[in-house]
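One structure below.
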Amino acid sequence: MVDKATGIDFSPKLNGLSLFGVGVRKKGPIKIYSVGMYISEMTRETLSSGAKKLESIRSSVKSNPPTTFLLKMNFKVPAAKMASAIAESVVPRHTGDASDVKSLEELIFDGVSAKGAATKGTTLQFDCEESGIDVTVDGKLQGSVNSPKLSQSFCDVYLDDKGVSPAFKASCLESCIS
């Protein structure tokens, strides 16, 4: 599957999960990154029964972990800006301890700052599990935040009604129909 807006390609499988949807994260006219969501076969089967609303997708994904979000950079972003932007997207959706979001931000910052910035081609992987979220930058595990609420909140960044990528949500809805 290829994100039409950036031309960035996503593998059909990642760590035993299947690609379900892709889209672009824009800030104004700038295409910052493409995002792909990988889900379990159990989730895919649940969704194949005809989920035609975003809320159905969101509910299935959140109740059937694991889910992985893979971000592939299309535009150079400084480490601090990348980490804070993702954290700022999570904050209004998170009902748990604020220190969990801070830990997530630090893991992203540490991983990206090791290379100076999130440059074109950099990958950020967020494995949302029942127990929390694992953060990987360019294939190197940065660490985990043990917070089920944070994991759920991260999914909402892309799947709730105010999700950061309308193209991603449209792609997920298309996957349900096809």
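The values are calculated or read from the model by the stated rules, or taken from the named source; none is laboratory data. Predicted model, so just to flag it, every value in this text is computed and none were measured. Positions of Cβ are generated from backbone atoms using ideal geometry, with glycine treated the same way; all protein chains shown enter the neighbour counts.
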When you scan region 89-103, do you find a residue that is among the hydrophobic types (A, V, I, L, M, F, W, C) and at pLDDT below 95, even just one?
no
Where in region 106-164 are there strands (runs of 3 or more DSSP E), lying wholly inside it, with at least 2 residues that are in contact (Cβ under 8 Å) with a residue 12 or more places away in the chain and surrounded by 21 or more Cβ atoms within 10 Å (Cβ to Cβ)?
123-128, 133-137
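Residues are listed down the side, and each one gets a yes or a no for (1) more than 14 Å from the chain's Cα centre (by Cα); (2) among the hydrophobic types (A, V, I, L, M, F, W, C); (3) modelled with pLDDT of 95 or more:
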residue	(1), (2), (3)
125	no, no, yes
130	yes, no, yes
133	no, yes, yes
141	yes, yes, yes
148	yes, no, yes
152	no, no, yes
161	yes, no, no
165	no, no, yes
Any residue at all in region 49-59 that's modelled with pLDDT of 95 or more, over 17 Å from the mean Cα position of the chain (by Cα) and among the charged types (D, E, K, R)?
no
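Given 6, 46, 67, which one is touching a strand residue (DSSP E or B) at 6+ places or on another chain (Cβ under 7 Å), closer than 19 Å to residue 159 by Cα and hydroxyl-bearing (Ser, Thr, Tyr)? Steps first, please.
Numbers: 6 fails: closer than 19 Å to residue 159 by Cα; 46 fails: touching a strand residue (DSSP E or B) at 6+ places or on another chain (Cβ under 7 Å).
Sole residue among the options that is touching a strand residue (DSSP E or B) at 6+ places or on another chain (Cβ under 7 Å), closer than 19 Å to residue 159 by Cα and hydroxyl-bearing (Ser, Thr, Tyr): 67.
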